[in-house]
Amino acid sequence: MKVCIIGAGVIGLSTAQSIYQHFHSRVSPLTIEVYADIFTPLTTSDGAAGLWQPYLYDKGNVKETQWNKDTFNYLLSFINSPDSVKMGIFLQSGYNLCAEPMPEPSFKQAVLGFRQLSKRELEMFPGYSFGWFNTALMIEGKTYLPWLMNWLKQRGVTFFQRTIDSFKELSDSGADMIINCSGVRSGDLQPDPELQPARGQIIKVDAPWLKHWVITHDSTSGVYDSPYIIPGSRLVTVGGVFQVGNWNRMNSSVDHKGIWEAACKLEPSLQHARIVEDWTGLRPARSKVRLEREAIRSGGHSFEVIHNYGHGGFGLTIHRGCAEEAARLFGQFLEQKGLLTAQAKSRL
Amino acid sequence: MKRVKVAVVGAGVVGLSTAVCIAETLPYCSVTLISEKFSPHTTSDGAAGILLPKEFPDIPLEWQQQWFKKSFEYLLAIADSPQASDAGVYLSSGYQIFKDVPRDKKPFWADLVFGFRYMTDHELKRFPDHKFGQAFTTLKCECLSYLPWLEQRFIAVGGRIIHEKVTDLHKLALNYDAIINCSGLGSRALLKDEEVYPVRGQILKLHAPWLKNFIRDGDGNTYIYPGIRFVSVGGTRQADDWRMELDERDREGILERSVRLEPSLRAAAILGLL
């Protein structure tokens, strides 16, 4: 059984991990291969600040809310383990600020100690009259992805640096199952008008006295298009913009100026912070995550693909829940093929 | 013309802020700050600087509340300004946890800090030895930055600084109209005040930049305070102990207790000991 995964961002790597965990002892031999042209530290996942936080509202996507929660609980289970630092996981508290009262967010049950901000606290943030405080998790891609790759390599998963031009290419070379974790470029493999880049630009600064994340919400400008400040383990990530349809991977000085001015207004102490670098990334935005099986007909036969892409600005936040779901879909496929016994024995 | 000559003895956080307060508020005073030790060698410099009051049984509670409230609001204004990083003042959130439920679950300062509440069961899961906890956001004031910043303010309004150990207040009184004694532990010798006594504390400075929230055991013996450049981990509370040298057994005890509360500290490098 050969599984080929396209994409080595957090989605591709965690999907490989879930599939290995669930099936390496139930299917023998199980070959897992990861194909990508970009690896850590150059993936979209690497540039993200790494704060676990979904968008405020799930618009009825209850599955996504569950996957987000599953991911939070999964990451939280490592907090007291010796691996937490090597995985890039740590707790951080912070503020979600709104210009007017808003309904409570979808993630209020998942995080720790969720509460409304008091009037006194809001006085620290002129222009914002409402908001919440909670403790959430950080999961830093630049640390987590190398940890995942190492975990996978130790278990025999192999990696190939290549651009995959079509699903057929992998099917022809012997893949029994293809898992599409190609993020924003999935449209190159199969056109998807619902998938769009949502360009983000961030500024990394040295401001180690900042110990809380601050995310502002503006109902007129939309998610991540208003200032946010997210301290990391080394540097602070300052953003942001959310430019739908913009494929430009170059840093824009106009965006830099807008982001910096807004952030300094929000957090005056930033004025004395040392700017280290800018970074631009393309969030794989979609109306909802595409996580489903597809049978693709090619010539006389058909082959199977599991799609796992379109995680917008919440890939790290939702990755584990989606990886487990992708593994479940793979298990469904194996059962249908009669490759999985109902009562799983540990070894053949 | 500055007619009143004021001497402030001691350049820790108490002396320096007193000197600045007088110099900035009373223009008819000329203020001279006299101290043997200055930052980074004062007691204040070693403190983590978390704003978390202790209740003094023989001072009226309303006074303590007023003093803390004023301090908090004053420092909050600095934290909220472009000066925050120079002054070393910023917001800090965290937990105070208790092995046994304390008699006084809501201390006198609960409404003066931000967002004071009891920890949820979900939050307490991380601390299996502890039954109860408080979560809140307070301020941290790091004297390694704050004292030099105050010194600049003092000099800017014409304050004078003398590096000298004061041993005789009567002699000092010959040259000054008023003396403010902020000599801390030094008052024991200076005023022959036997009620002043040392409570020895030892800490470690760890490099653990992923730690953002503080954890303090309500018994006061174990605490983890993430700072600007390092995490202060402690501690000890040894009354009448004058030793300034590091105690190896104290260090081991501190590490063992703090790693139990925050296992990720195992991955931290030791930057220094105090």
Q. Can you pull out the residues in the range B:169-208 that are in a strand (DSSP E or B) and open to solvent by less than 30 Å² (accessible area, probe 1.4 Å)?
A. B:ARG200, B:ILE203, B:LEU204, B:LEU206
Q: Please work out if A:ILE202 is in contact (Cβ under 8 Å) with a residue 60 or more places away in the chain, in a strand (DSSP E or B), within 14 Å of another protein chain (Cβ to nearest Cβ) and surrounded by 23 or more Cβ atoms within 10 Å (Cβ to Cβ).
A: no
Q. Since A:VAL184 meets every condition but one in (1) within 14 Å of chain B (Cβ to nearest Cβ); (2) open to solvent by 10 Å² or more (accessible area, probe 1.4 Å); (3) among the hydrophobic types (A, V, I, L, M, F, W, C), which condition does it not meet?
A. (1)
Q: Answer yes if at least one residue in the range B:45-52 is surrounded by fewer than 18 Cβ atoms within 10 Å (Cβ to Cβ) and assigned to a loop (DSSP other than H, G, I, E, B), and no otherwise.
A: no
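Going by the conditions given, is A:GLU324 free of Cβ contacts under 8 Å to residues at least 24 places away in the same chain, open to solvent by 20 Å² or more (accessible area, probe 1.4 Å), in a helix (DSSP H, G or I) and closer than 23 Å to A:ILE19 by Cβ? If you could, list the steps in order and put the result at the bottom.
Working: free of Cβ contacts under 8 Å to residues at least 24 places away in the same chain: no; open to solvent by 20 Å² or more (accessible area, probe 1.4 Å): yes; in a helix (DSSP H, G or I): yes; closer than 23 Å to A:ILE19 by Cβ: yes.
For A:GLU324, the condition - free of Cβ contacts under 8 Å to residues at least 24 places away in the same chain, open to solvent by 20 Å² or more (accessible area, probe 1.4 Å), in a helix (DSSP H, G or I) and closer than 23 Å to A:ILE19 by Cβ - is not met.
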Q: Please specify each residue of the range A:242-280 satisfying the condition of being open to solvent by 80 Å² or more (accessible area, probe 1.4 Å), of a type in the set (Val, Ile, Thr) and either more than 24 Å from the chain's Cα centre (by Cα) or within 13 Å of chain B (Cβ to nearest Cβ) (or both).
A: A:VAL254
Q. Quick check: is even one residue across the range A:16-25 outside any helix (DSSP H, G or I) and more than 21 Å from A:ARG286 (Cβ to Cβ)?
A. yes
Q. Does the range B:130-142 contain at least one residue that is open to solvent by 60 Å² or more (accessible area, probe 1.4 Å), farther than 25 Å from B:PHE230 by Cβ and in contact (Cβ under 8 Å) with a residue 24 or more places away in the chain?
A. yes
Q.
When the residues of the range A:205-241 are narrowed to those that are in contact with a Ser or Thr (Cβ under 8 Å, 6 or more places away or on another chain) and away from chain B (no Cβ under 14 Å), which ends up most open to solvent (accessible area, probe 1.4 Å)?
A. A:ASP218
Q: Out of the residues in the range B:67-80 that are open to solvent by 60 Å² or more (accessible area, probe 1.4 Å) and under 23 Å from B:PHE56 (Cβ atoms), state the one that is farthest from the other protein chains (Cβ to nearest Cβ).
A: B:TRP67
Q) A:GLN343 passes all but one of (1) open to solvent by 30 Å² or more (accessible area, probe 1.4 Å); (2) at pLDDT below 95; (3) closer than 17 Å to A:ILE19 by Cβ; which number fails? A) (3)
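Can you pull out every residue in the range A:74-114 that is in a helix (DSSP H, G or I), within 10 Å of chain B (Cβ to nearest Cβ) and surrounded by fewer than 19 Cβ atoms within 10 Å (Cβ to Cβ)? It would help to see each step written out before you state the result.
Residues of the range A:74-114 that are in a helix (DSSP H, G or I), as a first pass: A:74-76, A:84-87.
Add one more test, that the residue is within 10 Å of chain B (Cβ to nearest Cβ), and what stays is A:76, A:84-86.
A:LYS86 - this is the single residue of the range A:74-114 that is in a helix (DSSP H, G or I), within 10 Å of chain B (Cβ to nearest Cβ) and surrounded by fewer than 19 Cβ atoms within 10 Å (Cβ to Cβ).
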Q: Scan the range B:229-274 for residues that are open to solvent by less than 60 Å² (accessible area, probe 1.4 Å), farther than 23 Å from B:GLY218 by Cβ and not small (Gly, Ala, Ser) and jot them down.
A: B:PHE230, B:ASP247
Q. In this structure, does B:GLN83 turn out to be crowded, with 18+ Cβ neighbours inside 10 Å and either more than 10 Å from chain A (Cβ to nearest Cβ) or on the phi > 0 side of the Ramachandran plot (or both)?
A. no
Q | Residues located in the range A:324-340, provided they are at pLDDT 95 or above and among the basic types (Lys, Arg) | A | A:ARG328
(Q) Just to confirm my filter: which strands (runs of 3 or more DSSP E) fall fully inside the range A:250-320 and include at least 2 residues that are among the polar types (S, T, N, Q) and at negative phi? (A) A:301-309
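Which of the residues belonging to the range A:115-127 are in a loop (DSSP other than H, G, I, E, B), within 22 Å of B:ASP111 (Cα to Cα) and open to solvent by 40 Å² or more (accessible area, probe 1.4 Å)? Give the steps one after another, and end with the answer.
To start, the set of residues in the range A:115-127 that are in a loop (DSSP other than H, G, I, E, B) comprises A:117-118, A:123-127.
Next cut, within 22 Å of B:ASP111 (Cα to Cα) only: A:117-118, A:123-126.
Within the range A:115-127, A:SER118, A:GLU123, A:PRO126 qualify.
The values are calculated or read from the model by the stated rules, or taken from the named source; none is laboratory data. These numbers come from a predicted model, not from an experiment. No Cβ is skipped: glycine too gets one built from the backbone with ideal geometry, and neighbour counts run over all protein chains shown. When the accessible area is computed, the model is the full protein with side chains, heavy atoms only, and any ligands, DNA or RNA have been set aside. Shrake-Rupley method; radii C 1.70, N 1.55, O 1.52, S 1.80 Å.
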